[in-house]
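Colleague: Supplied in structure tokens, the structure appears directly below.
Every number here is computed from the coordinates shown, using simple stated rules; none is lab data. All values reported here derive from a predicted model rather than from experimental measurement. Note: ideal-geometry Cβ built from the backbone for every residue, glycine included; neighbour counts use all protein chains shown.
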Amino acid sequence: MRCLFAIALLLWAPLLLAEVPVAPGLRIVDLAEELSWNGIPMQVRRFTTRKGVDEVLGWYRRQWQDRRGGEPVPRWVETPLDPWRLLTHREGNVVQTVQIRPAAEGAEGWLGEINLEDLRKVRADRLARDFPRMRGSELLNDVRSEDIGQKGAVIALRNGFSVAANADFYRDHYLGRGWHADADTRVGNGHLLVFRSGPREVSITIARGSDGRTQVVANPVSRGLLP
């Protein structure tokens, strides 16, 4: 199963004011050519490591903290996005992120940097406008990437409907438009859907979050299409 989070390096991204530090033991691998996060140019570096997820995140937690009165004060926010874990930190006008998950021999993930000045150029109501969603769904992320011969996205939504209701919605949407279902199965307490139509494919993972709401992560890909 392909990684649900497309990893890319934005070669034309503006120079950022800071750079995500590379933890010891991380091997940097640059992929793809263009990526945007919620409509904002994003500079990304993919990594692999033989270290475990907790060890890597522990290093970044120590890097991204202050000390007051001899006590550590976190300057980061951690978000679980099963199977991923996301650590976010602000450095000046730059948001720095570490997203990581277990791999066969350690862990893998990516380091990202976003210039907050670019937020002013984005209108939230235009994001993910081409992706279907249940009424009242909240957009969490819209990440777009582009390689030669392939365009992709990772779109994360959240809503108050059940896992089954979301699965029914996307099943009806795509099958009703002539797409073929390559996968339609329960995975643990969630659901995995994969639909295909010619060179287009979309993978959708649906799971109940710790807050009781349902998270939808979609990975639409178009192959062999000219820009």
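Colleague: Let me know the shape class of the range 124-223, please: from the alpha-carbon gyration tensor, a ≥ b ≥ c as square roots of the eigenvalues, rounded when a/c is under 1.5, otherwise prolate if a/b is greater than b/c, or oblate.
Modeller: Because a/c hits 1.5 or more and a/b fails to exceed b/c, the range 124-223 counts as oblate.
Colleague: Can you work out the Karplus-derived ³J(HN,Hα) for every residue in the range 62-67? Use 6.51 cos²θ - 1.76 cosθ + 1.60 with θ = phi - 60°, whole Hz, and x for glycine or proline.
Modeller: Along the range 62-67, the couplings run 5, 5, 9, 8, 10, 10 Hz.
Colleague: So if each residue of separation counts as 0.36 nm, and I subtract the Cα-Cα distance between L140 and E105, what length gain in nm does that give?
Modeller: Here the segment from L140 to E105 would lengthen by 9.6 nm.
Colleague: Here is a follow-up. Full extension from S210 to R75: what is 0.36 nm times the residue separation minus their Cα-Cα distance, to one decimal in nm?
Modeller: 46.3 nm
Colleague: Oh, and also: Only counting other Cβ atoms within 10 Å, I'd like H180, H191 sorted with the fewest neighbours first.
Modeller: Starting with the residue having the fewest Cβ neighbours, the order is H180, H191.
Colleague: Could you list T185, T49, T214 so that the one with the fewest beta carbons within 10 Å of its beta carbon is first and the one with the most is last?
Modeller: Listing T185, T49, T214 from fewest to most nearby Cβ atoms yields T185, T49, T214.
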